[in-house]
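> Dropping the structure in here first, questions after.
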Amino acid sequence: MQRRSFLNALSASAALVLPLGRSAWAATSVDARPTKNKLVVVMLRGAVDGLNVVAPVGDANYARLRPTIGLGLPGADNGAIDLDGYFGLHPALGALMPLWQQKKLAFVHASGSPDPTRSHFDAQDYMESATPGRKNTQDGWMNRMVGQLPGEPGASRALSIGAVMPRILSGPAAAMNLPNGASGVKATVLDRPDVGAAFDQLYAGDSRVARVYADGKTAHREVMSALESREMQAADNGAPLPNGFPDDAARLAQLMRNDPKIQLAFVALGGWDTHASQGGATGQLANRLAPLAQGLAVLAQRLGPLFDDTTIVVMSEFGRTARENGNGGTDHGHGNAMWVLGGGVAGGRVLGEWAGVGDAALNEGRDLPVTTDFRSVLAEIAEKHLRMGDKQLVRLFPALPQKGPGFTVLRV
């Protein structure tokens, strides 16, 4: 039984999520004109506990299943922040409440990959390739997206912040990778004229390798140029940015404002595998959620007017068990909550087909079922926000579900 019904907020003139065609998504042809719209994906590696991110505090079963780590009712000690009278937000995420109140933040609960694996490695691979159950996919869906975006491809169109190029951006399309923290904006050895000239000569002979090298060098130059104004102007009057993700989020916002060619960005954050001592309103999970919320709030604020043209998706490879374990933590689960932020988001809502957390409603008697395929949410964003048509969506998500999720995430 579905606890609530969800209204399709699209008008007839904007009804783009329709059960039409092979992919059941696009009712209009692709727009070949370039779009200024942006997509940022934040991947929470380790499987964040969605049931304590957006907690069903209105369900008595929730407190029964989580006697020590569950959030209290809004207004109570260690209580959740009220969202809609049934769901409550973890108090460590309070920095996001202004976006919720402005209807620029929504959650899609009981969402995720339909593949049943509880292996971090496999589940992350499936979510980054967008081909659940298939291990031989050669590229990531964001790399495929680079090739499907309208307009001319550019070397700095896609950007990752992290130690290595992630699976989601692997593939033939050019992408740029920056290390986390301040080291990501420092000059490299290739910025030295003598070394750069030597590498230019080394890779001049092979056309394929030379093209890849040239693309990477161009992307690096564009990104460093975009950072120059921030480093030189010292607009913050010498005050340091917070450490960790808020710092990277502020830097990413500056990059996106200064370089309009950047359309896609990816950040991965770890530390969400809370098998023991997870905590409730305070503790291990709360200590990770607080800087995440701060970073997302910083990103939205620093983007300024560009936030209206940006959609931010936060996702994790799977959820966690509904019942806490004997170590005060949670184990690997299935369904989770996706977060969607942005100026075009139909926010202020918890979306999804929700049946509660009673024993009969749980997947295998232990965790949330996946009632919304994560690709359905991404496909709506690709189609409505990034102007991709039916053919592009099929290439982007080769096994796209045959129908939409029954609700709309974006207003446009």
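> Considering each of Ala47, Ala110, Ala76, Ala92 in turn, give the residue that is touching a Ser or Thr at 6+ places or on another chain (Cβ under 9 Å), assigned to a loop (DSSP other than H, G, I, E, B) and either under 18 Å from Gly283 (Cβ atoms) or at pLDDT 95 or above (or both).
When all the criteria are applied, what remains is Ala47.
> Turning to a different aspect of this structure: Condition check: at pLDDT below 95 and not aromatic (Phe, Trp, Tyr). Does Thr68 satisfy that? Outline the logic, then answer.
On the way: at pLDDT below 95: no; not aromatic (Phe, Trp, Tyr): yes.
Spelling it out, it is not the case that Thr68 is at pLDDT below 95 and not aromatic (Phe, Trp, Tyr).
> Could you check, for the stretch 105-119, whether at least one of its residues is over 16 Å from Val53 (Cα atoms), of a type in the set (D, E, K, R) and crowded, with 21+ Cβ neighbours inside 10 Å? Break it down into steps so the answer makes sense when it comes.
Let us first name the residues in the stretch 105-119 that are over 16 Å from Val53 (Cα atoms), namely 113-119.
Filter once more, so that each one left must be of a type in the set (D, E, K, R): 115, 118.
Within this subset, residues satisfying the condition of being crowded, with 21+ Cβ neighbours inside 10 Å are none.
There is no residue in the stretch 105-119 that is over 16 Å from Val53 (Cα atoms), of a type in the set (D, E, K, R) and crowded, with 21+ Cβ neighbours inside 10 Å.
> Moving on. Among the residues of the stretch 258-291, write down those that are at positive phi and among the polar types (S, T, N, Q).
Going through the stretch 258-291, the residues at positive phi turn out to be 271, 277, 279, 283.
Matches in the stretch 258-291: Ser277 only.
> OK, next. Being part of a helix (DSSP H, G or I) and closer than 29 Å to Gly343 by Cβ is the filter here; which residues of the stretch 50-67 pass it?
Of everything in the stretch 50-67, those that are part of a helix (DSSP H, G or I) and closer than 29 Å to Gly343 by Cβ turn out to be Gly50, Leu51, Asn52, Val53.
> Condition first: among the charged types (D, E, K, R) and not in a loop (DSSP other than H, G, I, E, B). Now tell me which residues in the stretch 248-276 satisfy that. Even if it seems obvious, please write down each step before you answer.
Keep residues of the stretch 248-276 that are among the charged types (D, E, K, R), which gives 248, 251, 257, 259, 261, 273.
Within the stretch 248-276, Asp248, Arg251, Arg257 meet the criteria.
> Considering the stretch 330-342 alone, what residues qualify as being part of a loop (DSSP other than H, G, I, E, B) and crowded, with 22+ Cβ neighbours inside 10 Å?
Within the stretch 330-342, Thr330, Gly333, His334, Gly335 meet the criteria.
> A further question follows. Which one is surrounded by the most Cβ atoms within 10 Å (Cβ to Cβ) among residues in the stretch 343-359 that are over 19 Å from Gly404 (Cβ atoms) and under 21 Å from the mean Cα position of the chain (by Cα)?
Gly343
> Does the stretch 380-388 contain any residue that is in a loop (DSSP other than H, G, I, E, B), closer than 28 Å to Tyr86 by Cα, touching a helix residue (DSSP H, G or I) at 6+ places or on another chain (Cβ under 8 Å) and in contact (Cβ under 8 Å) with a residue 24 or more places away in the chain?
no
> Taking the stretch 33-65, which residues are among the aliphatic types (A, V, I, L, M) and closer than 15 Å to Gly271 by Cβ? Don't jump to the end; show me each part of the working.
Of the stretch 33-65, the ones among the aliphatic types (A, V, I, L, M) are 39-44, 47-48, 51, 53-55, 57, 60, 63, 65.
Across the stretch 33-65, the qualifying residues are Val42, Met43, Leu44, Ala47, Val48, Val53.
> While we're here: Just the residues that are in a loop (DSSP other than H, G, I, E, B) and within 30 Å of Lys38 (Cα to Cα), please, taken from the stretch 343-379.
Gly343, Gly344, Ala346, Gly347, Gly348, Gly352, Glu353, Trp354, Val370, Thr371
> Turning to a different aspect of this structure: Considering only residues that are outside any loop (DSSP other than H, G, I, E, B) and either small (Gly, Ala, Ser) or without any contact (Cβ under 8 Å) to a residue 12 or more places away in the chain (or both), which ones fall in the stretch 302-328?
First pass over the stretch 302-328, keeping only residues outside any loop (DSSP other than H, G, I, E, B): 302-316, 320.
Scanning the stretch 302-328 gives Gly304, Pro305, Ser316.
> Another question about this same structure. Scan Leu368, Leu400, Leu351 and give me the residue that is of a type outside the set (S, T, N, Q), in contact (Cβ under 8 Å) with a residue 24 or more places away in the chain and closer than 25 Å to Arg144 by Cα.
Among Leu368, Leu400, Leu351, only Leu400 is of a type outside the set (S, T, N, Q), in contact (Cβ under 8 Å) with a residue 24 or more places away in the chain and closer than 25 Å to Arg144 by Cα.
> Within the stretch 381-396, is even one residue of a type in the set (Gly, Ala, Ser) and surrounded by 23 or more Cβ atoms within 10 Å (Cβ to Cβ)?
Our first condition is that a residue be of a type in the set (Gly, Ala, Ser); within the stretch 381-396, this holds for 382, 389.
Okay, now just the ones that are also surrounded by 23 or more Cβ atoms within 10 Å (Cβ to Cβ), so 382.
Yes: one or more hits.
> Answer yes if at least one residue in the stretch 381-399 is of a type outside the set (Gly, Ala, Ser) and under 12 Å from His109 (Cα atoms), and no otherwise.
Within the stretch 381-399, not a single residue is of a type outside the set (Gly, Ala, Ser) and under 12 Å from His109 (Cα atoms).
> Does Gly151 satisfy the condition of being surrounded by fewer than 22 Cβ atoms within 10 Å (Cβ to Cβ) and either aliphatic (A, V, I, L, M) or within 24 Å of Pro369 (Cα to Cα) (or both)? Walk me through it before giving the result.
Values: surrounded by fewer than 22 Cβ atoms within 10 Å (Cβ to Cβ): yes; either aliphatic (A, V, I, L, M) or within 24 Å of Pro369 (Cα to Cα) (or both): no.
Here the answer is no, as Gly151 does not meet what is asked.
> Can you find, within the stretch 360-380, the residue that is farthest from Arg323 (Cα to Cα) among those that are of a type in the set (A, V, I, L, M) and surrounded by 22 or more Cβ atoms within 10 Å (Cβ to Cβ)?
Ala379
> Would you mind stating whether Gly70 is more than 23 Å from the chain's Cα centre (by Cα), part of a loop (DSSP other than H, G, I, E, B), small (Gly, Ala, Ser) and over 16 Å from Leu289 (Cβ atoms)?
So Gly70 fails the test.
The values are calculated or read from the model by the stated rules, or taken from the named source; none is laboratory data. The structure presented is a predicted model; accordingly, all values stated were derived computationally and were not measured. Note that we place each Cβ from the backbone using ideal geometry, even for glycine, and neighbour counts take in every protein chain shown.
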